[in-house]
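Visitor: Encoded as structure tokens, here's the structure I'll be asking about.
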Amino acid sequence: VADLIRWNAERGEMGDGEAWAVLAEGAMYGYLGGGSASRAKFAGFAERARAAGNERIEVLDATRQMWGISMIASGPKTIERLQTAADAGNGTAARFLVGLLRDGNRMNVHRHLDNADAALAKYGATIGPDDSWRLGETIAAARARAPAAWAKLATQVASRPELATKDFGRDLYKANPNATIYLLQKKLAGEGLYRGALDGIAGRQTLKALYRACSRLPDDPPCNDSVMRPDVLGAVFAAR
């Protein structure tokens, strides 16, 4: 831990704001000295991250509010923090805000797709065109509750293959697991790896096809752990 702190601090002193954010994240989760001693270090690292222009620190601060880390947990205050950061031009906070409104957190922030749409419309210029398109499709996925809607989603996603990233696949799965399994079934059927029904259900044939696709990936993802991990599914989705 001491070496990690020293290495990131050296990077931070050279102007790397993300290095300070990494240390702030470690502090908030209690990794830098244990418990309250670690969490007490967050403010100092956060101040340095902000001074270096790091955007992710506002997401970390909102996450502390959301889960009640060193403060009282509050969903509304979490949204307010993210909106304030997004209003100031923080694209990372704006993207996180839209995703949070799309998915909720099963505790103090409820899924609200209309609010996700409104946030995307408001902060689209800050988020940028490519990420805005991806977020829009994940919101569409969250609304897609029948095979016909999944097919329409598949057509939309296929229209922009250059935007198919691991993170996009992972976020689609968070938004709607069945719709994403449908997308993967259709993709793998086109690659000759799947011959079952396009039903959005991760049955035996689907799992076998996902494993075969995963085993072909060049970066050695944890296929044997579980091909149903969101990061693995995202990697299979993005593979070309």
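The values are calculated or read from the model by the stated rules, or taken from the named source; none is laboratory data. A quick note: this is a predicted structure, and the numbers were derived from the prediction, not measured. Methodologically, a virtual Cβ is constructed for each residue, glycine included, from the backbone with ideal geometry; neighbour enumeration extends over all protein chains shown. For the accessible areas, the whole protein counts, side chains as well, though only heavy atoms, and no ligand, DNA or RNA atoms are used. Shrake-Rupley method; radii C 1.70, N 1.55, O 1.52, S 1.80 Å.
Visitor: Can you find a residue that is over 23 Å from the mean Cα position of the chain (by Cα) and open to solvent by less than 30 Å² (accessible area, probe 1.4 Å) anywhere in region 227-237?
Guide: Start the filter on region 227-237 by keeping residues that are over 23 Å from the mean Cα position of the chain (by Cα), which leaves none.
The answer is no, given that none of the residues of region 227-237 is over 23 Å from the mean Cα position of the chain (by Cα) and open to solvent by less than 30 Å² (accessible area, probe 1.4 Å).
Visitor: Moving on. How many residues does region 182-212 hold that are acidic (Asp, Glu) and under 15 Å from Leu153 (Cβ atoms)? Working first, answer last.
Guide: Keep residues of region 182-212 that are acidic (Asp, Glu), which gives 191, 199.
Cutting the leftovers down to under 15 Å from Leu153 (Cβ atoms) gives us 199.
Total meeting the criteria: 1.
Visitor: Okay, moving on. Go through Tyr211, Tyr194 for me and flag whichever is of a type in the set (Ser, Thr, Tyr), part of a loop (DSSP other than H, G, I, E, B) and either modelled with pLDDT of 95 or more or surrounded by 14 or more Cβ atoms within 10 Å (Cβ to Cβ) (or both). Show your work before the answer.
Guide: Details: Tyr211 fails: part of a loop (DSSP other than H, G, I, E, B).
Only one candidate passes the filter, namely Tyr194.
Visitor: Open to solvent by less than 70 Å² (accessible area, probe 1.4 Å), under 20 Å from the mean Cα position of the chain (by Cα), at pLDDT 95 or above and of a type in the set (Val, Ile, Thr): is that true of Thr165 in this structure?
Guide: Numbers: open to solvent by less than 70 Å² (accessible area, probe 1.4 Å): yes; under 20 Å from the mean Cα position of the chain (by Cα): yes; at pLDDT 95 or above: yes; of a type in the set (Val, Ile, Thr): yes.
Here the answer is yes, as Thr165 does meet what is asked.
Visitor: Out of curiosity, is Ala94 open to solvent by less than 30 Å² (accessible area, probe 1.4 Å), assigned to a helix (DSSP H, G or I) and either of a type in the set (Lys, Arg) or without any contact (Cβ under 8 Å) to a residue 40 or more places away in the chain (or both)? Outline the logic, then answer.
Guide: Details: open to solvent by less than 30 Å² (accessible area, probe 1.4 Å): yes; assigned to a helix (DSSP H, G or I): yes; either of a type in the set (Lys, Arg) or without any contact (Cβ under 8 Å) to a residue 40 or more places away in the chain (or both): yes.
Taking the combined requirement at face value, the residue satisfies it.
Visitor: Might you let me know whether region 75-83 holds any residue that is of a type in the set (A, V, I, L, M, F, W, C) and open to solvent by 60 Å² or more (accessible area, probe 1.4 Å)? Step through it out loud before you land on a result.
Guide: Applying the first criterion (of a type in the set (A, V, I, L, M, F, W, C)) to region 75-83 yields 79, 82.
From what is left, the residues that are open to solvent by 60 Å² or more (accessible area, probe 1.4 Å) are none.
There is no residue in region 75-83 that is of a type in the set (A, V, I, L, M, F, W, C) and open to solvent by 60 Å² or more (accessible area, probe 1.4 Å).
Visitor: Only one of (1) at pLDDT 95 or above; (2) open to solvent by 60 Å² or more (accessible area, probe 1.4 Å); (3) not in a loop (DSSP other than H, G, I, E, B) is not met by Leu135, so which one is it?
Guide: Failing condition for Leu135: (2).
Visitor: Could you tell me whether region 112-127 includes any residue that is farther than 27 Å from Gln65 by Cβ and not in a loop (DSSP other than H, G, I, E, B)? Working first, answer last.
Guide: Within region 112-127, the subset farther than 27 Å from Gln65 by Cβ is none.
No, region 112-127 contains no residue that is farther than 27 Å from Gln65 by Cβ and not in a loop (DSSP other than H, G, I, E, B).
Visitor: Which condition does Ala144 not pass, out of (1) under 22 Å from Leu97 (Cα atoms); (2) without any contact (Cβ under 8 Å) to a residue 60 or more places away in the chain; (3) open to solvent by 10 Å² or more (accessible area, probe 1.4 Å), if it passes all the others?
Guide: Against the list (1) under 22 Å from Leu97 (Cα atoms); (2) without any contact (Cβ under 8 Å) to a residue 60 or more places away in the chain; (3) open to solvent by 10 Å² or more (accessible area, probe 1.4 Å), Ala144 comes up short only on (3).
Visitor: Have a look at Asn54, Asn8 and point out the one that is among the polar types (S, T, N, Q), part of a loop (DSSP other than H, G, I, E, B) and in contact (Cβ under 8 Å) with a residue 12 or more places away in the chain. Spell out how you get there, then give the answer.
Guide: On the way: Asn8 fails: part of a loop (DSSP other than H, G, I, E, B).
When all the criteria are applied, what remains is Asn54.
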